[in-house]
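Note sheet for the following structure.
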Amino acid sequence: MTFSGGQGLQYLESLDSVRMPWAAPTGISETERQRRDDHELQVFIEVLMTLALGRDVVVPQSYAFDSAGFLSVAHTVLQARDRAAINEHPFRLHLFKADSFEGAVAGMLGRAFDKNHPFLSFLLPELHGPERYGLDPDDVRWQSENLDRILNSDWIGVDRAQALSAIRAEFRALPRVKADPPATILGLGDLLASAIEETSPMGRAAQSLSDPFREVHAELVTAIRRLDPVRSQAFSQRSRLRMSDPWPNDPDRRTPEQIVGSRGTLDLVIEFVDTLYNAIVVDSIGIASATFSTEVADGDRILISRAIAQELAIAQYRSGAHQAAWLPQQGESADESEEHPLFEVRLNSQVVATERRTADQLSNLRDNAVDAIAALLDARAQRGGSGRARSPFWKGMDKVAEAENATAARKALDAHLVRVASVLGGQGDAGLVGKSGVQVLLTGSGAAGPAMAAALWRFPGILEYPAIAVGAVAPIVAQQGVQSARRWKDTRRRAHALGRVVDMRGYQP
């Protein structure tokens with residue numbers, strides 16, 4: 001069995017810094033606030049899923065320092081940990097070209113004003129435009145020389161300062177993840193240049209894809225060629241795709257959206273590039289499975305196109321890094337895939353959906369998420385050893401890891417998830433989905449009525465033999481779920497994301 005291989009680590013693309021740049025709470029629109037609320041719920045429930053499956057969340061150094069989504073959730077989780085299970089450490093740090101978290105942060109801050117290879121911070125936008133925030137550039141430059149000065153600045157505010165301080169204290173005492181990187185780590189620019197070559201594995205096989213995949217592939221190739229990945233500095237910072245500034249070295253000083261022709265096409269490129277980037281990072285860790293996910297949205301067809309772009313990126317990375325010329329698996333229809341996304345939020349459809357009532361429901365759901373995480377951390381705290389008894393939680397995970405066949409694995413995992421559901425109590429549920437999936441469901445209630453958030457992960461090579469293909473098409477999910485008709489009745493989907501759990505090296509074609 002490979003369920004808890006390596007160090008039992010899970011990499012979550014939803015923690016990507018670019019997903020939720022920092023914005024002062026009073027300075028964002030209601031639409032942006034809703035997007036942030038949904039994204040934070042996604043991170044919460046993916047962390048909850050990770051904990052429920054006996055894994056720890058592995059976080060690369062750039063996200064540990066610069067991801068507002070990670071820092072917000074991590075701060076809350078660590079507060080829950082401190083009251084429930086002080087010795088539990090649900091987050092693990094991956095360092096790259098650094099010996100400590102402090103050293104990694106110093107390296108990033110040292111590039112904040114580097115014109116040739118700048119560090120573009122999503123958590124601290126004040127570093128890149130102090131004047132826009134009424135700050136003195138010389139003061140900000142001096143403060144950015146080390147983390148202590150930033151934490152003691154007048155402009156960072158309580159939320160960011162507390163979150164950074166909490167994660168700094170957590171990672172200062174913990175050992176780094178013992179990574180197993182590939183012999184050669186491919187660069188983003190090289191992968192993109194290869195992706196648009198007609199002689200590449202994806203280029204040669206493009207005509208073998210089904211119509212939706214072939215159409216997205218053609219749109220991506222055309223757009224990336226226009227952005228010209230071999231052009232100097234073109235993709236040196238992928239965050240430039242999200243900016244309205246002129247694209248590097250474009251003679252007409254056009255924005256990325258103007259170059260590719262539409263916002264929809266640019267969104268596909270962003271999904272493709274972000275997935276490639278995260279594939280590079282997770283493969284540099286080498287011992288963690290990864291949960292790739294699209295950004296949370298309320299549309300169906302748009303997300304399916306972006307999920308296809310994500311699948312093409314995973315296939316492109318494997319073709320370049322592991323010399324496995326394969327294509328994404330293609331199967332069930334889009335209509336079927338919409339029923340069970342990787343993540344979704346639902347609200348009571350019988351309640352008038354005023355923004356205030358919606359906010360009340362989601363606030364209640366987040367409160368339950370914190371309580372559920374605290375309960376899980378408590379259940380995980382007794383790992384055994386040194387004369388201490390191993391808890392029922394870990395005994396259940398041991399049985400999953402020791403299973404000798406698919407039937408035994410399903411039986412052991414089902415028993416473990418029943419135990420998880422009892423830990424969650426009335427706050428949620430957990431169970432198997434189809435042949436290879438696990439779902440965790442959070443529930444909330446209150447004056448505004450119920451709200452629900454669910455994550456459904458399908459794992460390659462865990463519950464069925466032989467292993468299913470790594471990166472099998474993101475929208476494909478099983479038709480049977482743990483949620484009851486009663487629970488989903490009278491609810492409406494607010495937002496969802498598509499995605500896939502991937503073992504980047506585990507599949508042998």
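Taking first residues from the stretch 309-323 that are of a type in the set (S, T, Y) and partners that are at pLDDT below 80 and open to solvent by 10 Å² or more (accessible area, probe 1.4 Å), the Cβ contacts under 9 Å between residues at least 6 apart in sequence or on separate chains come to S319/P201; S319/A325; S319/W326.
For every residue, the table says whether it meets (1) at pLDDT 90 or above; (2) touching a Pro at 6+ places or on another chain (Cβ under 8 Å); (3) more than 26 Å from E197 (Cα to Cα).
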{"site": "V273", "(1), (2), (3)": "yes, no, no"}
{"site": "N278", "(1), (2), (3)": "yes, no, no"}
{"site": "V281", "(1), (2), (3)": "yes, yes, no"}
{"site": "A288", "(1), (2), (3)": "yes, no, yes"}
{"site": "F292", "(1), (2), (3)": "yes, no, no"}
{"site": "G299", "(1), (2), (3)": "no, no, yes"}
{"site": "E311", "(1), (2), (3)": "no, yes, no"}
{"site": "I314", "(1), (2), (3)": "no, yes, no"}
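Quick one: is R149 over 30 Å from A315 (Cβ atoms) and in a helix (DSSP H, G or I)? Spelling it out, R149 is indeed over 30 Å from A315 (Cβ atoms) and in a helix (DSSP H, G or I). Take residues that are closer than 18 Å to L376 by Cα and not basic (K, R) and tell me which of the helices (runs of 4 or more DSSP H) falling wholly in the stretch 1-120 contain 1 or more. Because the criterion is at least 1 residues that are closer than 18 Å to L376 by Cα and not basic (K, R), the helices (runs of 4 or more DSSP H) in the stretch 1-120 that meet it are 30-52, 68-84.
Here's a check for you: in the stretch 362-414, which residue that is acidic (D, E) and part of a helix (DSSP H, G or I) is nearest to G8 (Cα to Cα)? Here the answer is D398.
Here is the figure for the stretch 66-81: residues that are under 11 Å from R19 (Cα atoms) and either of a type in the set (S, T, Y) or surrounded by fewer than 22 Cβ atoms within 10 Å (Cβ to Cβ) (or both) total 1. Among the residues here, A106 does not qualify as open to solvent by less than 30 Å² (accessible area, probe 1.4 Å) and modelled with pLDDT under 95. For the stretch 143-162, the condition of being among the hydrophobic types (A, V, I, L, M, F, W, C) and either touching a His at 6+ places or on another chain (Cβ under 7 Å) or under 23 Å from D274 (Cβ atoms) (or both) holds for none of the residues.
Residue-level check: of (1) polar (S, T, N, Q); (2) under 24 Å from P341 (Cα atoms); (3) open to solvent by 10 Å² or more (accessible area, probe 1.4 Å), T50 misses just (3). Among the conditions (1) over 15 Å from the mean Cα position of the chain (by Cα); (2) modelled with pLDDT of 95 or more; (3) not acidic (D, E), the only one that Q61 does not satisfy is (1). Among the residues of the stretch 123-133, some residue qualifies, meaning at least one is out of contact with any helix residue (DSSP H, G or I) (no Cβ under 7 Å at 6 or more places or on another chain) and surrounded by fewer than 14 Cβ atoms within 10 Å (Cβ to Cβ). Note on the stretch 269-303: among residues that are without any contact (Cβ under 8 Å) to a residue 60 or more places away in the chain and either basic (K, R) or under 19 Å from Q42 (Cβ atoms) (or both), the one that is most open to solvent (accessible area, probe 1.4 Å) is R301. Of all residues in the stretch 394-408, those satisfying the criterion of being open to solvent by 100 Å² or more (accessible area, probe 1.4 Å) and modelled with pLDDT of 85 or more are K395, K399, E402. Cβ-Cβ distances below 6 Å connect the following pairs, each with a first residue in the stretch 360-385 that is touching a residue at least 40 places away in the same chain (Cβ under 8 Å), a second residue that is in a loop (DSSP other than H, G, I, E, B) and among the hydrophobic types (A, V, I, L, M, F, W, C), and a separation of six or more residues or different chains: D360/A448; Q361/A448; L377/A85; D378/A85; A381/A85. Among the residues of the stretch 242-264 satisfying the criterion of being under 25 Å from the mean Cα position of the chain (by Cα) and in a loop (DSSP other than H, G, I, E, B), which is surrounded by the most Cβ atoms within 10 Å (Cβ to Cβ)? Taking the candidates together, the pick is M243. Criterion first (closer than 29 Å to S236 by Cα and either at pLDDT below 95 or crowded, with 17+ Cβ neighbours inside 10 Å (or both)) does E88 satisfy it? When the stated conditions are applied, E88 does not pass them.
Can you say whether A412 is of a type in the set (A, V, I, L, M, F, W, C), open to solvent by 10 Å² or more (accessible area, probe 1.4 Å), farther than 20 Å from Q34 by Cβ and touching a Ser or Thr at 6+ places or on another chain (Cβ under 7 Å), as far as the supplied structure shows?
Numbers: of a type in the set (A, V, I, L, M, F, W, C): yes; open to solvent by 10 Å² or more (accessible area, probe 1.4 Å): yes; farther than 20 Å from Q34 by Cβ: yes; touching a Ser or Thr at 6+ places or on another chain (Cβ under 7 Å): no.
In short, no.
Just checking, does the stretch 232-241 include any residue being more than 22 Å from the chain's Cα centre (by Cα) and open to solvent by less than 50 Å² (accessible area, probe 1.4 Å)?
Filtering the stretch 232-241 down to residues more than 22 Å from the chain's Cα centre (by Cα) leaves 232-234.
Adding the requirement that they be open to solvent by less than 50 Å² (accessible area, probe 1.4 Å) leaves 234.
Yes, the conditions are met somewhere in the stretch 232-241.
The values are calculated or read from the model by the stated rules, or taken from the named source; none is laboratory data. All of these numbers come straight from a predicted model, not from anything done at the bench. Note: ideal-geometry Cβ built from the backbone for every residue, glycine included; neighbour counts use all protein chains shown. Just so you know, the surface numbers come from the protein's heavy atoms only, side chains and all, with ligands and any DNA or RNA stripped out. Shrake-Rupley method; radii C 1.70, N 1.55, O 1.52, S 1.80 Å.
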